[in-house]
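The values are calculated or read from the model by the stated rules, or taken from the named source; none is laboratory data. None of these values were measured; they are calculated from a predicted model. Because the Cβ atoms are built from the backbone with ideal geometry, glycine has one as well, and the counts that use them run over all protein chains shown.
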Amino acid sequence: MSYIVFAWLASVVYALGSIVGKIAIRHQIANRWLYNFMWALLSTVLIVPFAVANHVGLPQDWGSMLWLGAANAVSGVAFILAFYEVDLTILSPLYNLRTPFIVLVGALFYREVLTSFQWVLMTILIIAGIFINTDEELSLKVLWHKGTLLAVVAVLTSVWFNSTIKMTSMHNGFWEVLLWSNLIATILFLPTLPLFYKDLKKVKLNKYYGLVISTILFAAGYFWEVKAFAQNVSISVAIITLPISMLIVIPLSVFKPKLLEKHTAKIYAIRLTAAAVMFAAALGLSR
């Protein structure tokens, strides 16, 4: 099956997983470190039976696998921290910045020559990214908000993670990549236990259902993302970063304003326009 199909599947389920997860952190699990650890643990548990059924083995190249596990852990933490701080209608489109970062990595480390048109597209992406952060104050100080900075870090670390998937897939099987990268990331999260063990005792089981559903969706997304990135990174990134969740959240803000977020029509119009510009520019860079 084509990597384009895998990328589209990943894009859709990531969008749904983001929405369910955002509802969970807003109404069910306040401790971000508890959410982060349980998300990683559940992802690994979900993958295990499928990996075993497909005769998963030990990694053939432990070096690249450990590097991928570290990238998975760092990008996962960065995403969750930003997830707690930033509206989905900001965070989702900002992931289009992965494309120019990937292009810059190619230029810096692989001596790829950038055209004037590529530089223009990257400039447009950055400017549109600024407008994505627009809120009711219409002030540039929002760019220095903790949530915005965390979102940028999440995007940067995801570039590291995405590029590492392809490298690791060259030396290890699909199920080895899927299982061991998640298992290593979960182990790396164990030192965060003191940050959430008290809440682990307090949060009732019925408060985890949103996290469970979201994790299932993200695990499915990761499955298809690995499939897509093993064949192609740049175009897959452009598809996976489509702001599908944004198109769902905005109608919800009208009918269920307390569920996720609520802004004026003007703010959403600005964010939608900026998101469309970012996607178009990212798509142009991917070719």
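Considering K266, K204, K227, which residue is farther than 25 Å from N96 by Cα and basic (K, R)? Break it down into steps so the answer makes sense when it comes.
Numbers: K266 fails: farther than 25 Å from N96 by Cα; K227 fails: farther than 25 Å from N96 by Cα.
Unique residue meeting the criteria: K204.
Please count how many residues of region 150-200 are under 25 Å from A238 (Cα atoms) and of a type in the set (F, W, Y).
4
Quick one: how many residues across region 55-72 are surrounded by 14 or more Cβ atoms within 10 Å (Cβ to Cβ) and polar (S, T, N, Q)?
2
Any idea which of (1) aromatic (F, W, Y); (2) over 18 Å from E261 (Cβ atoms); (3) in contact (Cβ under 8 Å) with a residue 60 or more places away in the chain is the one F83 doesn't satisfy?
So F83 meets the others, but not (2).
I want to confirm something. Restricting to region 191-206 and keeping residues that are out of contact with any helix residue (DSSP H, G or I) (no Cβ under 8 Å at 6 or more places or on another chain) and assigned to a helix (DSSP H, G or I), which single residue is farthest from S169 (Cα to Cα)? Show your work before the answer.
First pass over region 191-206, keeping only residues out of contact with any helix residue (DSSP H, G or I) (no Cβ under 8 Å at 6 or more places or on another chain): 191, 194, 197-198, 201-202, 204-206.
Those left that are additionally assigned to a helix (DSSP H, G or I): 191, 194, 197-198, 201-202, 205-206.
Numbers: P191: 28, P194: 34, Y197: 35, K198: 38, K201: 39, K202: 40, L205: 37, N206: 38 Å.
Here the answer is K202.
Among the residues of region 251-260, is there at least one that is over 14 Å from the mean Cα position of the chain (by Cα) and within 28 Å of W160 (Cα to Cα)?
Step one: of region 251-260, the residues over 14 Å from the mean Cα position of the chain (by Cα) are 251-260.
Then keep just the ones that are within 28 Å of W160 (Cα to Cα); that gives none.
Looking for residues that are over 14 Å from the mean Cα position of the chain (by Cα) and within 28 Å of W160 (Cα to Cα), one finds none in region 251-260, hence no.
Among the listed residues E137, E85, E112, which satisfies the condition of being at pLDDT below 80 and touching a Gly at 6+ places or on another chain (Cβ under 8 Å)?
Just a single option satisfies the conditions, and that option is E112.
From the list A151, A220, A228, pick out the single residue that is within 14 Å of W39 (Cα to Cα) and in a helix (DSSP H, G or I).
None of the others qualify; the one that does is A220.
Suppose we filter T134, T192 for residues that are under 25 Å from A71 (Cα atoms) and either polar (S, T, N, Q) or crowded, with 22+ Cβ neighbours inside 10 Å (or both); which single one remains?
T192 is the lone residue from the list that is under 25 Å from A71 (Cα atoms) and either polar (S, T, N, Q) or crowded, with 22+ Cβ neighbours inside 10 Å (or both).
Which numbered condition in (1) touching a residue at least 60 places away in the same chain (Cβ under 8 Å); (2) closer than 29 Å to A269 by Cα is the only one that N133 fails?
Among (1) touching a residue at least 60 places away in the same chain (Cβ under 8 Å); (2) closer than 29 Å to A269 by Cα, the lone unmet condition for N133 is (1).
Return yes or no: is I19 more than 18 Å from K227 (Cα to Cα) and crowded, with 19+ Cβ neighbours inside 10 Å?
Values: more than 18 Å from K227 (Cα to Cα): yes; crowded, with 19+ Cβ neighbours inside 10 Å: yes.
Against the criterion (more than 18 Å from K227 (Cα to Cα) and crowded, with 19+ Cβ neighbours inside 10 Å), I19 qualifies.
Any idea which of L260, L242, L211 is part of a helix (DSSP H, G or I), within 16 Å of A15 (Cα to Cα) and of a type outside the set (F, W, Y)? Show your work before the answer.
Numbers: L260 fails: part of a helix (DSSP H, G or I); L242 fails: part of a helix (DSSP H, G or I).
Only one candidate passes the filter, namely L211.
For N162, are the conditions met, namely being surrounded by 15 or more Cβ atoms within 10 Å (Cβ to Cβ), modelled with pLDDT under 85 and among the polar types (S, T, N, Q)?
yes
Considering only region 1-16, state which residues are touching a residue at least 40 places away in the same chain (Cβ under 8 Å), among the β-branched types (V, I, T) and surrounded by fewer than 20 Cβ atoms within 10 Å (Cβ to Cβ).
Of everything in region 1-16, those that are touching a residue at least 40 places away in the same chain (Cβ under 8 Å), among the β-branched types (V, I, T) and surrounded by fewer than 20 Cβ atoms within 10 Å (Cβ to Cβ) turn out to be I4, V12.
I'd like to verify a number: residues in region 38-66 that are more than 18 Å from A220 (Cα to Cα), touching a residue at least 12 places away in the same chain (Cβ under 8 Å) and outside any loop (DSSP other than H, G, I, E, B), how many?
Going through region 38-66 one residue at a time, the tally reaches 3.
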